[in-house]
Amino acid sequence: MQRILTCGALAATAAVAMAAGCSVQTAGTPAAGDAKAGGGPAHRTASPAHPPAATAAATGKKPAKPSAPKPAPRTATARPGRTLMASGATGKQVRELQARLRQIAWFGATPTGTYGALTVAAVKGFQGKRGLARTGTTDTVTWQRLLAMTKTPTRDELNGTAGGHSAGKLDRRCLTGRVLCISKTSRTLRWVNDGKVLSTMDVRFGSQYTPTREGTFHIDFKSRHHVSTIYHTAMPYAMFFSGGQAVHYSSDFAARGYNGASHGCVNVRDEAKIAALFDQARTGDKVVVYR
C-alpha cells in the first residue's frame, strides 16, 4: 500500500483534519450589521410623520432636493521616483539592496550583486506591503523607505554568510544527538550534531489557522521530489516529522519571504542548504520545534 503524505491535508470534518495533520480554516462570522435579507431590524425604516409633499403644501415651500452622495475616497498609491536599479543591473549597490531586503526577510537567497527574477519579486513584495507602486524596480522612493527600515549591511551580510537576525541559544533538547532544531522565535532551523551547529537556515511556519505543531518529533519519512496531492504543489526535499507536516523547500518562501505562510509545514527558502540537509539527515533523527 503506497503511503501518501501531504502538508496540511484537507478533510470533511475538523476532527479528521486534525488527525491528518491539518487545521481547517473556518469561514468568518457575519459582521454585527449583517442582518438577514428582508427580515431583521437593520433593514426596517420608520415612516416619516409628515411626508415631504404634505409638508411643502402646508408651508408653501418647495421640498429641498436631496444632495448627491459623495464618492468613497480611494486608497492612494505613492508614485514611483527616479529609477536607481532594475532587472539586469549588477554591482555593489545591487548587492547592498539584496542584503537589506534579506535583513527584513524579503530576499531569501545569498546576495549576488545581480538584479534577477528573485530580486524583482522581493522588491515587488516590499513595495506592495508599503503602499508603493509594485514595479519591481528600485526607485528613489523605494530605496529611501528601505534605508529607513534597515541598517548598513556588514561584510558577512553582503557575502551571505550571516543573516539579519540572531538564532539565539539552542533549546536543551537540541544538545545531544542529531537534531533539526527549529525555533519559531528566531525563525531558524539549525542542523545540530551533539550540540555543534553544522548549518543554519531561515524558515517560516503555518498561519494561525494551520499552525505548525510544537514538541519533540522524529523524521519518519523522506521524499526528495514530493508533490502535495491536495494542493498539487511541489514539496522538494520533504522530511516528514508529524503526520502531514514536513520540513521542505518552498519556492514561494524564496520569492515572497514572510509575506505568506505554509499549511503547517516548515518552509525553507535556501534550496542549496535544504538539499544538503536532506542528504545528511536520516530517518529517525530528532526534530525539535519550539518558541
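Only the coordinates and a few stated rules stand behind these numbers; no lab work does. Nothing here was measured: the structure is a model prediction, and the numbers come from that model. Note that we place each Cβ from the backbone using ideal geometry, even for glycine, and neighbour counts take in every protein chain shown.
Per 5 Å bin, what is the whole-percent P(r) computed from every C-alpha pair distance within the stretch 245-291?
Calculated over all Cα pairs of the stretch 245-291, the distribution is 5, 19, 26, 26, 17, 7, 1 percent.
Classify the stretch 190-274 from the C-alpha gyration tensor, please: rounded if a/c falls under 1.5, else prolate or oblate depending on whether a/b exceeds b/c.
On the way: a/c = 1.37, a/b = 1.25, b/c = 1.09.
The shape class here is rounded.
Roughly speaking, what is the stretch gain from Val227 to Thr135, that is 0.36 nm per residue apart minus the C-alpha to C-alpha distance, in nm to one decimal? Write down the numbers at each step before the final one.
Working: separation 92, 0.36 × 92 = 33.12 nm, distance 3.19 nm.
That works out to 29.9 nm of additional length.
For all pairs of alpha-carbon atoms in the stretch 108-164, what percent lies in each bin of width 10 Å, listed from the first bin to the last filled one?
The percentages, shortest bin first, are 22, 51, 26, 1.
Under a 5 Å amide H to amide H cut-off, with H placed in plane at 1.01 Å, what residues pair with Val203 once short-range neighbours are removed?
Thr188, Leu189
At 7 Å along the Cα-to-beta-carbon direction for both Arg155 and Arg291, put a label point, then send me their distance in nm to one decimal.
4.0
Find the Cα radius of gyration of the stretch 131-210, compare it with 2.2 N^0.38 Å by division, and give the number to two decimals.
Details: Rg = 17.2 Å, N = 80, 2.2 N^0.38 = 11.6 Å.
Ratio of Cα Rg to 2.2 N^0.38 Å: 1.48.
Less than 13 Å Cβ to Cβ from Arg178, Lys/Arg counted +1 and Asp/Glu -1: what total charge do the surrounding residues give?
After counting each charged neighbour, the total is +3.
Along the Cα→Cβ direction, 7 angstrom out, place labels at Lys169 and Leu198. What is the inter-label distance in nm?
2.5
Remind me, what semi-axes does the stretch 139-291 give for its equivalent ellipsoid, largest first in whole Å, using sqrt of 5 times each Cα gyration tensor eigenvalue?
Working: eigenvalues 140, 77, 40 Å².
Output for the stretch 139-291: semi-axes of 26, 20, 14 Å.
Tyr209 to Ala272: extension gain in nm, 0.36 nm per residue of separation minus the Cα-Cα distance?
Length gained between Tyr209 and Ala272: 19.7 nm.
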